[in-house]
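Colleague: Could you have a look at this structure, given as structure tokens, before my questions?
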């Protein structure tokens, strides 16, 4: 059999494997097709769905780890759909201590002639970051968890997005009671500064769970 004929045969086998895989996993494949189309329509750069579709076409299916990752994403989107259907009742979550931290950081950065664009506040799995000064929400603080936008903090109050569950809101309220302790706990757990994200190399910083400059800016001394 010639080289080209062998390659053609292999391509037919891959196509058949991919077809059978799609038949055996209709919900998963339909989800990937839909997500890839949504990303393409929005012009986003989240290429994971497209990569998984390409993997099915190239290898005739997904590895166990790839399939598990897709299933986790499906479960997350399903949870978000349920949250969107729930009534948006304001709960008045007080996160004013987080606002105070960023107010101190802004003042310290202004005194040093610097900005706070790269300064984030990491607590548990949450990441709080300042909204762009010239954007739609100047002065606000955006809150994310695992890359998902949960809402914004304005005037000490948390305004959750449709993707934020009540459980996430409750956990944020808990860590917001003592941002300093939560930030230090993050540093002790990860070995990274909860503000700038750099690795903690100094022995004292590792023991405290935060770098001294960042701690001073946010008032965590």
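Colleague: I'd like to verify a number: residues in region 188-214 that are more than 18 Å from residue 130 (Cβ to Cβ), over 20 Å from the mean Cα position of the chain (by Cα) and part of a helix (DSSP H, G or I), how many?
Modeller: Residues in region 188-214 being more than 18 Å from residue 130 (Cβ to Cβ), over 20 Å from the mean Cα position of the chain (by Cα) and part of a helix (DSSP H, G or I): 8 in total.
Colleague: Now for a separate question. Does region 148-156 include one or more residues that are in contact with a helix residue (DSSP H, G or I) (Cβ under 9 Å, 6 or more places away or on another chain), in contact (Cβ under 8 Å) with a residue 60 or more places away in the chain, at positive phi and assigned to a loop (DSSP other than H, G, I, E, B)?
Modeller: Looking through region 148-156, at least one residue is in contact with a helix residue (DSSP H, G or I) (Cβ under 9 Å, 6 or more places away or on another chain), in contact (Cβ under 8 Å) with a residue 60 or more places away in the chain, at positive phi and assigned to a loop (DSSP other than H, G, I, E, B).
Colleague: Here is a follow-up. Looking at 176, 182 in this structure, which one is touching a helix residue (DSSP H, G or I) at 6+ places or on another chain (Cβ under 9 Å), touching a residue at least 60 places away in the same chain (Cβ under 8 Å) and assigned by TED's automatic domain parsing to the domain that holds residue 200? Give the derivation first.
Modeller: Working: 182 fails: touching a residue at least 60 places away in the same chain (Cβ under 8 Å).
Only one candidate passes the filter, namely 176.
Colleague: Restricted to region 17-61, and to residues that are outside any helix (DSSP H, G or I) and touching a helix residue (DSSP H, G or I) at 6+ places or on another chain (Cβ under 6 Å), which residue is modelled with the lowest pLDDT?
Modeller: In the first step, residues of region 17-61 are kept if they are outside any helix (DSSP H, G or I); the result is 25, 43-47, 60-61.
Going one step further and asking which of them are touching a helix residue (DSSP H, G or I) at 6+ places or on another chain (Cβ under 6 Å), we end up with 46, 60-61.
Numbers: 46: 77, 60: 92, 61: 93.
Within region 17-61, the match that is modelled with the lowest pLDDT is 46.
Colleague: Still on this structure, I have one more. Return a yes/no flag: does region 126-141 have any residue that is within 18 Å of the chain's Cα centre (by Cα), in contact (Cβ under 8 Å) with a residue 60 or more places away in the chain and on the phi < 0 side of the Ramachandran plot.
Modeller: Within region 126-141 (the criterion being within 18 Å of the chain's Cα centre (by Cα), in contact (Cβ under 8 Å) with a residue 60 or more places away in the chain and on the phi < 0 side of the Ramachandran plot), the answer is no, since none of the residues qualifies.
Colleague: State all residues of region 37-65 that are within 19 Å of the chain's Cα centre (by Cα) and either surrounded by 12 or more Cβ atoms within 10 Å (Cβ to Cβ) or in contact (Cβ under 8 Å) with a residue 24 or more places away in the chain (or both); if no residue qualifies, say none.
Modeller: 38, 39, 46, 47, 48, 49
Colleague: For a quick check of your reading of the model, give me the residue pairs whose first member lies in region 10-24 and is under 11 Å from residue 56 (Cβ atoms), whose second is modelled with pLDDT under 90 and not in a helix (DSSP H, G or I), with beta-carbon atoms closer than 6 Å and at least 6 apart or on different chains.
Modeller: Here the result reads none, with nothing in region 10-24 linked to a residue that is modelled with pLDDT under 90 and not in a helix (DSSP H, G or I).
Colleague: Looking only at region 121-128, decide whether some residue is surrounded by 17 or more Cβ atoms within 10 Å (Cβ to Cβ) and modelled with pLDDT under 90. It would help to see each step written out before you state the result.
Modeller: Here is the first cut: in region 121-128, the residues surrounded by 17 or more Cβ atoms within 10 Å (Cβ to Cβ) are 121-123, 126-128.
Next, only the ones that are modelled with pLDDT under 90 stay: none.
Within region 121-128, not a single residue is surrounded by 17 or more Cβ atoms within 10 Å (Cβ to Cβ) and modelled with pLDDT under 90.
The values are calculated or read from the model by the stated rules, or taken from the named source; none is laboratory data. Computed from a prediction, not measured in an experiment: that's the story for all the values here. Note that each Cβ is placed from the backbone with ideal geometry, even for glycine, and that neighbours are counted across all protein chains shown.
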